1. Test of understanding: among 133, 200, 150, which residue is away from ligand 2 (no atom under 16 Å from the Cβ), farther than 19 Å from residue 14 by Cα and either touching a residue at least 40 places away in the same chain (Cβ under 8 Å) or assigned to a loop (DSSP other than H, G, I, E, B) (or both)?
2. Within region 35-80, how many residues turn out to be assigned to a loop (DSSP other than H, G, I, E, B), more than 16 Å from ligand 2 (Cβ to nearest atom) and more than 19 Å from residue 91 (Cβ to Cβ)?
3. Given the residues 202, 218, which is the only one that is surrounded by 16 or more Cβ atoms within 10 Å (Cβ to Cβ), out of contact with any helix residue (DSSP H, G or I) (no Cβ under 8 Å at 6 or more places or on another chain) and within 30 Å of residue 52 (Cα to Cα)?
4. Considering only region 204-244, how many residues are under 20 Å from the mean Cα position of the chain (by Cα) and part of a helix (DSSP H, G or I)?
5. What are the residues in region 184-194 that are crowded, with 17+ Cβ neighbours inside 10 Å and touching a helix residue (DSSP H, G or I) at 6+ places or on another chain (Cβ under 6 Å), if any?
6. Looking at 142, 166, which is the one that is more than 19 Å from the chain's Cα centre (by Cα) and within 16 Å of ligand 1 (Cβ to nearest atom)?
7. Tell me whether region 206-224 contains one or more residues that are out of contact with any strand residue (DSSP E or B) (no Cβ under 8 Å at 6 or more places or on another chain) and away from ligand 2 (no atom under 16 Å from the Cβ).
8. Identify, please: which residue in region 81-95 is more than 16 Å from ligand 2 (Cβ to nearest atom) and assigned to a loop (DSSP other than H, G, I, E, B) and is, among those, surrounded by the fewest Cβ atoms within 10 Å (Cβ to Cβ)?
Ligand code: UDP
Ligand code: MG
C-alpha cells in the first residue's frame, strides 16, 4: 500500500562498499522495491572504496538498469575506511534525510519504513536500529563476535551512558542537517565512528528514536572487522571517556 509522505521529503541512502560484488545487486533491488512500494522519494549513493573485486562495474550496470537519478556513484580511488565514506557520501546527497546502512545484506531494507514512521511520529533527529532491544537480534555470528559486540556495547553503556541501546550498529536514519553537525563534532574515523556519533548526538541534545532490527551475518564476502579495528575502538572509547 502506498504511504503518504511530505511532498518534499527525500531519503538519501549511503551504501559504502568494499568487495561487495555478490551483495550489491540484491541490496539495490531490495531498496528499489521497498521505496517503490512505500512511495517515498529516494536515491542510493554507492561509495565504493576502490574494491579490487569489480564492485564498481556491477554498480555501473545497476545504474543502467535503475537510472542515474536513483543510483548515484561516488567512488573513491582506494580503501579509505567507513567514517570518511559517509563524509564523502553526504556531500553529494540531495535528500533531507540520510539513511546509513551496510551493503552486505546484514541490514535488511524491510526495516526502513519502520525507521521513517518512527522518525515522523516524534520528529526524531536520529533513528537508530537496535539489535539489543525488543524484537531485535543478531543471527549468524559466532560466540566470539557476539561477545565483542555485546562487550563493546556494555562497556560503553557504563562509561558514557549514551541513552541508546545499540552503539556499534550502523543502520540509522538522520536528518541531514543533524548528520552534518554530528560529523563536524566527531573526531574518530574508523569503526568507532558509529559509537561516537550516538554519543555526540546525546551531548548535543538531539532526540534519538530506536527501531529493533535483526542483523544477519553476511553470506557473501568477508567481514572487515579485525584486530586493528578492535584496538581502534578501545582507543576511541577511552578518548571519548576522557574528553566528554
Ligand atoms: N566497508 C567499506 N570500506 C571499508 C570497510 C567496509 O566501504 O574500508 C563497507 C562494507 O563493504 C560494508 C560495510 O562497510 O558494506 C560494513 O563492513 P563489514 O560488513 O565488513 O563490517 P561488519 O558487518 O563485519 O562489522
Ligand atoms: Mg557486515
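1. On the way: 200 fails: either touching a residue at least 40 places away in the same chain (Cβ under 8 Å) or assigned to a loop (DSSP other than H, G, I, E, B) (or both); 150 fails: either touching a residue at least 40 places away in the same chain (Cβ under 8 Å) or assigned to a loop (DSSP other than H, G, I, E, B) (or both).
Going through 133, 200, 150 in turn, just one is away from ligand 2 (no atom under 16 Å from the Cβ), farther than 19 Å from residue 14 by Cα and either touching a residue at least 40 places away in the same chain (Cβ under 8 Å) or assigned to a loop (DSSP other than H, G, I, E, B) (or both): 133.
2. The number of residues fulfilling the criteria is 5.
3. Details: 202 fails: within 30 Å of residue 52 (Cα to Cα).
Criteria check complete, one pass: 218.
4. So the count comes out to 6.
5. Taking region 184-194 and keeping what is crowded, with 17+ Cβ neighbours inside 10 Å, we get 186, 188-194.
Residues satisfying the conditions are 186, 188, 189, 190, 191, 192, 193.
6. On the way: 166 fails: more than 19 Å from the chain's Cα centre (by Cα).
Answer to the check: 142.
7. Step one: list which residues in region 206-224 are out of contact with any strand residue (DSSP E or B) (no Cβ under 8 Å at 6 or more places or on another chain), which gives 218-224.
Now drop any that are not away from ligand 2 (no atom under 16 Å from the Cβ), which leaves none.
No, that holds for no residue.
8. Start the filter on region 81-95 by keeping residues that are more than 16 Å from ligand 2 (Cβ to nearest atom), which leaves 84, 87-95.
Cutting the leftovers down to assigned to a loop (DSSP other than H, G, I, E, B) gives us 92-95.
Values: 92: 14, 93: 23, 94: 12, 95: 19.
Out of the qualifying residues, it is 94.
A short reminder: the numbers here are calculations on the coordinates, not readings from a lab. Source: prediction; values computed, not measured. Glycine also receives a Cβ, built like all others from the backbone with ideal geometry; neighbour counts cover every protein chain displayed.
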